[in-house]
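Beneath this line is the structure, given in structure tokens, with notes to follow.
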Amino acid sequence: MQVNSLTKCDDYNGKVKLIAPVPSVDTGVCSKETMRFNKEADKLSNTQVLSIPLV
């Protein structure tokens, strides 16, 4: 699911929320890091990853 600035933590009530800040998803390294992190996090039950670019 892609989220935007209107997404609220309440949208994921009952789930563990992992907030993953990244400098930018427009760079190869940050994009790969985010994809890998999400792949690993998919193995966790009842968890939602929120990757937030800081730019």
* **Relative contact order %, the chain, counting alpha carbon pairs below 8 Å whose residues are six or more apart** => 47
* Asked: Taking amide hydrogens as modeled 1.01 Å from N in the peptide plane, which residues meet the under 5 Å criterion relative to residue 50, leaving out close sequence neighbours?
  -> 18, 19, 20
* Across segment 21-35, in residue order, what do the Karplus-derived ³J(HN,Hα) couplings come to in whole Hz, using 6.51 cos²θ - 1.76 cosθ + 1.60 with θ = phi - 60° and x for Gly and Pro? -> x, 10, x, 5, 8, 8, 9, x, 5, 5, 5, 5, 4, 5, 4
* To do: Per residue of segment 38-46, in order, report the coupling 6.51 cos²θ - 1.76 cosθ + 1.60 (Karplus, θ = phi - 60°) as ³J(HN,Hα) in whole Hz, putting x for Gly and Pro.
  => 5, 4, 5, 5, 4, 6, 8, 7, 6
* Asked: When N is the residue count of the chain, what does its C-alpha Rg come to as a fraction of 2.2 N^0.38 Å?
  -> 1.13
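Since every read-out is calculated from the coordinates, none of them should be taken as a lab result. Note that the coordinates shown come from a computational prediction; the quantities given were computed from them, not determined experimentally.
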